[in-house]
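I have placed the structure first, in the form of structure tokens, so that the comments after it can refer back to it.
Read the figures in this text as sums done on the coordinates, not as results from a lab. The structure presented is a predicted model; accordingly, all values stated were derived computationally and were not measured. Here the Cβ is made from the backbone with ideal geometry for all residues, glycine too, and neighbour counts use every protein chain on show.
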Amino acid sequence: MTTPMEPPSKPSLPPLLEVRGLSRSFGGIHAVEELSFDVAQDGIMGLIGPNGAGKTTVFNLITGAYRPTAGTICLRGIDLTKKRPHEIVRAGVSRTFQNIRLFNRMTCLENVMVPLLARGKSMLGTFFRTPFARGEEQRARETALAVMKDVGLADAAHRVASTLPYGLQRKLEIARALACGFSGQGPSVQGPSVQRPSAQGPRLLLLDEPAAGMNDAETRELGEVILKVQKDFGVTMMLIEHHIELVMDICTHVAVMDRGTLLAEGSPRDVRGDERVIAAYLGRPRARRELERT
Amino acid sequence: MDYELNVVMLACINMIAVLGLAVFTGFTGLFSLGHAAFVGIGAYTSGVLTYHWNAPFFFALPAGVAAAGLSSLVIGIPTLRAKLRSDYFAIAILGFGEALRVCLENLSITNGARGLSVDELSGPAWILGTLAVCLFATRNFLKSRFGALFVAIREDPTAAEMAGIDLFKMRLLSLVVSAGLCGASGALLAHRLAFIQPAMFTLTQSTQLLASVIAGGMGSISGPIIVSFVFTALPEMLRSLDMWRLPAYGLLLVLIMIYRPQGLLGYRELSGLFRRQAR
């Protein structure tokens, strides 16, 4: 396990995600153009850039919401560009949304159970509530509760999602995205938290502006949650974020996008010093002042 | 007494169809203006089987269910694969329903617009038994993982897809189950009234099914069931009002929508009123 601000402990490890020549245009607009980058195993990669740079489009391309116009996206050598969204989720990629998208009328527990139930096997048995179907639901419930405990949501399990305060809704979205990686088929979870076998848990978690609308204290707390999740679940993350301090604090690697292309990438330290980045994105006086403070 | 029994039996038959639409609209969140077509397919399949081939009812009823379920694939596969938004889907299935009516009117096996006089085979035992089985199985189904996945799709299709749900498959499953229930309702109806004609399965009937589901409450089984009973029984009870009974029915719908826009039991069940609030 790596700690932030350090390069991955095993530099020889092949990258988890390889993006090559990725392009997507909408009519005449090139939202993403000839984008290539790697996401290293076990790291937290920050994706920053001005509004309209194409960051969310990159997420939509990785998760299969959009088909790329050109290019490939490979997760551990498997091409994702031909797969449908739910297949990509099963391959180990899950995400959160810029504007929170929860199943509002369901309880928090049910929200987290949905990805587990989506992988269920019971079919006809559901009409008769056979022991197999019920056992499957029970396992999903246990796994979901364990995931919620790890994210710090155990107390909210039976609350209706829409009644949660904003910060907890963000956490719930992360918990649901984490649950996407569990098959729901394994033996029931024992003990206080999920003991993650290597094949389980999502491999890549995409967080789209998780700190949007949060104040400094909430953002700091969110940063801690993200680091804890990274450690507990051994999940690699990509993070779109406008809170530069959060990106500098928790990311192991930062890529800067502008107008659909990659402007610069490297360690947070390198990117911070890059002249082009400062000009394109951090050029505004306030952001520069913030940087000088850190 | 016979008359009251008949009204109650018709209400029970109607309940099964409303139950079917509740699965699709109330739980999965897709609107349909064509579910009467599935009732019609159930009615005609079973009717043709008993009329032309003297098939026993215990065979004709499941055949009606199967035919309705299979025919829903015809409309469901192209429209749901294209991920038509809810309102577009409602229009597409409306077209399906009208096309079916035209077919029924022009086929010789259905005896065209003159209708088919079948035997009266579904007595109260058949009707109540089928209703009980349908209620039991549907309730279990909706309490299972599929119910949760349907509700997730209704709440946010994008998030549901990103939670690993195969939207196409789950919506199609919901449609097939829903059409199958409507088919059961149709088979019972045909052999209760002992007469079916294409005009019985039009947009008007589809609208009434949808009205029962909306007025009964989205995401609820008991709400639409209660309302469908009222909607079937009320026009009969109001026969003394003569021509005013249809406006009265319309007024009731308007009042429900104004004072309870979420429906009678929106996102709740009757049993939940006495316990905790369900979804």
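When the convex hull of its Cα atoms is viewed from all sides, the protein assembly as shown shows a mean projected area of 30.2 nm².
Take each residue in B:134-147, count the other chain C-beta atoms within 10 Å of its C-beta, and the mean is 5.
From its DSSP helices (H runs of at least four residues, each -39,500 (n - 2.57)), the protein assembly as shown gives a residue-normalised ellipticity at 222 nm of -17000 deg cm²/dmol. Using the average count of surrounding beta-carbon atoms within 10 Å as a protection proxy, the listed peptides B:57-67, A:153-163, B:77-87, A:169-179 rank, highest first, as A:169-179, B:57-67, A:153-163, B:77-87.
Could you give the length gained by full extension between A:Q138 and A:R276, i.e. 0.36 nm per residue of separation minus their alpha carbon distance, to one decimal place? Write down the numbers at each step before the final one.
Details: separation 138, 0.36 × 138 = 49.68 nm, distance 5.34 nm.
Taking 0.36 nm per residue and subtracting the Cα distance, the gain is 44.3 nm.
Computing FRET efficiency as 1/(1 + (r/R0)^6) for A:T163 and B:F58, where r is the C-beta to C-beta distance and R0 is 56 Å, gives about 0.70. Restricting everything to alpha-carbon atoms, can you work out Rg to Rh for the range B:141-279 with a Kirkwood hydrodynamic radius? Dividing the radius of gyration by the Kirkwood radius yields 1.02.
On the basis of the beta-carbon distance and an R0 of 60 Å, B:N106 and A:R76 show a calculated FRET efficiency of 0.55. With all pairs of different C-alpha atoms in the average, the Kirkwood value for the hydrodynamic radius of the range B:2-202 is 17.0 Å.
For the range A:110-155, the Cβ-based charge dipole about the Cα centre amounts to some 240 debye (Lys, Arg positive; Asp, Glu negative; other atoms uncharged). When each of the peptides B:48-55, A:223-230 is scored by how many other beta carbons lie within 10 Å of its residues on average, the order from highest to lowest is A:223-230, B:48-55. As a quick test, which of the pairs A:K83/A:K231; A:K83/B:K83; A:K121/B:K143 have an alpha carbon distance above 24 angstrom in this structure? Over 24 Å Cα-Cα: A:K83/A:K231. Extension gain for the segment B:S117 to B:V7, taken as residue separation times 0.36 nm less the Cα-Cα distance, is 37.6 nm to one decimal. Within the range B:168-183, find all residues whose amide N lies under 19 Å from a label point positioned 7 Å from the Cα of B:R81 along Cα-to-beta-carbon. Only B:168-177 fall inside the zone, counting backbone N under 19 Å.
Span-like helix criteria (full DSSP H runs; alpha carbon extent of at least 18 Å along the helix axis; mean Kyte-Doolittle hydropathy of at least 1.0) are satisfied in chain B by B:2-21, B:57-81, B:124-143, B:167-193, B:222-237, B:245-259. Residue separation of B:A132 and B:V254 scaled by 0.36 nm, minus their Cα-Cα distance, works out to 40.8 nm of gained length. The B:T158 and B:A194 beta-carbon pair, evaluated with R₀ = 51 Å, returns a calculated FRET efficiency of approximately 0.55. For the residues of A:126-135, the average number of beta carbons from a partner chain within 10 Å of their own beta carbon is 4.
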